[in-house]
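J.: Once you've had a glance at the structure underneath, I'll fire off some questions.
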Amino acid sequence: MLEPQPVIGFYSDWDAGTVWKSRIEQDLPQFHFDLLNEVEDKSTVRYALVWNPPAGFLKGFVNLQAIFVLGAGVDSLLKDLELPRVPIVRLSDAGMAQQMAHYVIYGVLHFQRRFEEYRQLQAKRRWEPIEDVEAIQQFSVGVMGLGAIGSVVARQLAQIGFPVLGWSASPKTINGVRTFNDETSLSAVLSESRVVVNLLPLTDKTERLINKKFFRRMSAGSFLINIGRGQHVSDKDVLEALDEGLIAGAMLDVFDPEPLSPQSPLWNHPNVIITPHVSGLTVPQAALDQIIENIKRMETGVAPHLTVDLNRGY
Ligand code: GLV
């Protein structure tokens, strides 16, 4: 009997898979591309490309050789206790870093040039130049997380002229950025930064790291930009920190849970900017370059690049 053609399966809660299908069929013609929730025989699926599958969704795929995550963060997948025990491969940048750097630059300039206040003055039809704008050379930005995305964000902020302090779990060297990597130096980074940008991976160690204690370590009147995960932060603590003046404003792209509830008081807080998890979207062609290369490696018995370390959690 003829062996059935092996399948590369796809599941995403926001993408129908059209671009992925045509590129995979062109570059890996030995495979058939199928949507994971439509595939007839689960045992034919060799590689799964997924974003946000429901818990337990991948359990019946008994011949999987690897799971490719279509984003940077793998936290939600790792929570699935029934996940097949195969290598999990994540993306590195895949077009997200540049978009996220732009998002952060916009936010940092918004706070440094006091655009929030101009918006309020405009609503009152008032022509009032604000005199005391802090010089860019004094407006330090702390970037938490210096992986494939954080390092690009830190470098680009430094290129514009902001002093940048980078913090990460392991030592990193980035041109023009002062880098730190231990718990003691975290206080120095937080107290020196006018804006703290969160780009850490979500792990047991970083969950709710940004809490009241964290805000107290930040310099009074500074700002938070969160483009990591909602679970890094406590919304209640953000609101209290704003109301007690521990921080002056926040730009938030991620929430726990998502979508942010219409009832959340964050929506109409005057010093909060909210976006719906859009700071960096995976660029399919860039992601496909990495995934196709990794599948080709695995097909010749070579380990894929960027396998998730389950102990580390990213
Ligand atoms: C998006 O949040 C991602 O992790 O890629």
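J.: Residues A241, A286, A303: which one is out of contact with any Leu (no Cβ under 7 Å at 6 or more places or on another chain) and within 14 Å of V69 (Cα to Cα)? Give the steps one after another, and end with the answer.
T.: Working: A241 fails: within 14 Å of V69 (Cα to Cα); A303 fails: within 14 Å of V69 (Cα to Cα).
Criteria check complete, one pass: A286.
J.: Let me ask another. Cβ contacts < 6 Å: first residue more than 17 Å from L28 (Cβ to Cβ) and assigned to a loop (DSSP other than H, G, I, E, B), restricted to region 298-313; second residue at pLDDT 95 or above and hydrophobic (A, V, I, L, M, F, W, C), any location; separation 6+ or different chain. Result?
T.: Listed by first residue and then by second, the contacts come to L306/V89; V308/V74; V308/I88.
J.: Moving on. Does at least one position in region 64-83 carry a residue that is surrounded by fewer than 20 Cβ atoms within 10 Å (Cβ to Cβ) and either without any contact (Cβ under 8 Å) to a residue 24 or more places away in the chain or over 21 Å from D309 (Cα atoms) (or both)?
T.: Within region 64-83, not a single residue is surrounded by fewer than 20 Cβ atoms within 10 Å (Cβ to Cβ) and either without any contact (Cβ under 8 Å) to a residue 24 or more places away in the chain or over 21 Å from D309 (Cα atoms) (or both).
J.: Could I ask something else about it? Report, ordered by the first and then the second residue, all pairs with beta carbons closer than 8 Å, sequence separation of six or more or different chains, a first member in region 271-290 that is under 13 Å from W14 (Cα atoms) and part of a helix (DSSP H, G or I), and a second member that is modelled with pLDDT of 95 or more and more than 10 Å from the ligand (Cβ to nearest atom).
T.: Taking only residues 6 or more apart or on different chains, the pairs are P284/V19; P284/W20; P284/R23.
J.: Filtering region 239-257 down to residues that are more than 16 Å from the ligand (Cβ to nearest atom) and assigned to a strand (DSSP E or B), which residue is surrounded by the most Cβ atoms within 10 Å (Cβ to Cβ)? Walk me through it before giving the result.
T.: Of the residues in region 239-257, the ones more than 16 Å from the ligand (Cβ to nearest atom) are 239-250.
The next check asks that each one be assigned to a strand (DSSP E or B); those that pass are 247-250.
On the way: I247: 23, A248: 18, G249: 20, A250: 25.
Here the residue is A250.
J.: When region 68-106 is examined, which residues are found to be under 16 Å from the mean Cα position of the chain (by Cα) and more than 30 Å from Y47 (Cβ to Cβ)?
T.: A101, H102, Y103, V104, I105
J.: Ok, one more. Mind checking which residues of region 87-110 are in a loop (DSSP other than H, G, I, E, B) and either within 15 Å of the ligand (Cβ to nearest atom) or surrounded by fewer than 17 Cβ atoms within 10 Å (Cβ to Cβ) (or both)?
T.: Kept after step one, since they are in a loop (DSSP other than H, G, I, E, B), are these residues of region 87-110: 87, 90-95.
If the condition is that a residue be in a loop (DSSP other than H, G, I, E, B) and either within 15 Å of the ligand (Cβ to nearest atom) or surrounded by fewer than 17 Cβ atoms within 10 Å (Cβ to Cβ) (or both), then R90, L91, S92, D93, A94, G95 are the ones that fit.
J.: For region 6-23, enumerate the residues that are exposed (fewer than 11 other Cβ atoms within 10 Å of the Cβ) and part of a loop (DSSP other than H, G, I, E, B).
T.: Residues of region 6-23 that are exposed (fewer than 11 other Cβ atoms within 10 Å of the Cβ), as a first pass: 13-14, 16, 18.
Scanning region 6-23 gives D13, W14, A16.
J.: So for region 24-37 (the condition being over 18 Å from E293 (Cβ atoms) and not in a strand (DSSP E or B)), does at least one residue qualify? Show your work before the answer.
T.: At the first step, the residues of region 24-37 found to be over 18 Å from E293 (Cβ atoms) are 32, 34-37.
If we keep only those that are not in a strand (DSSP E or B) as well, we get 36-37.
Yes, region 24-37 contains a residue that is over 18 Å from E293 (Cβ atoms) and not in a strand (DSSP E or B).
J.: Can I ask one more? Which count do you get for residues in region 46-75 that are polar (S, T, N, Q) and either within 12 Å of the ligand (Cβ to nearest atom) or in a strand (DSSP E or B) (or both)? Break it down into steps so the answer makes sense when it comes.
T.: First pass over region 46-75, keeping only residues polar (S, T, N, Q): 52, 63, 65.
Those still in the list that are either within 12 Å of the ligand (Cβ to nearest atom) or in a strand (DSSP E or B) (or both) too: 52.
Going through region 46-75 one residue at a time, the tally reaches 1.
The values are calculated or read from the model by the stated rules, or taken from the named source; none is laboratory data. Everything numeric in this text was worked out from a predicted model, so none of it was measured. Every residue, glycine among them, receives a Cβ derived from its backbone with ideal geometry; neighbour counts consider all protein chains shown.
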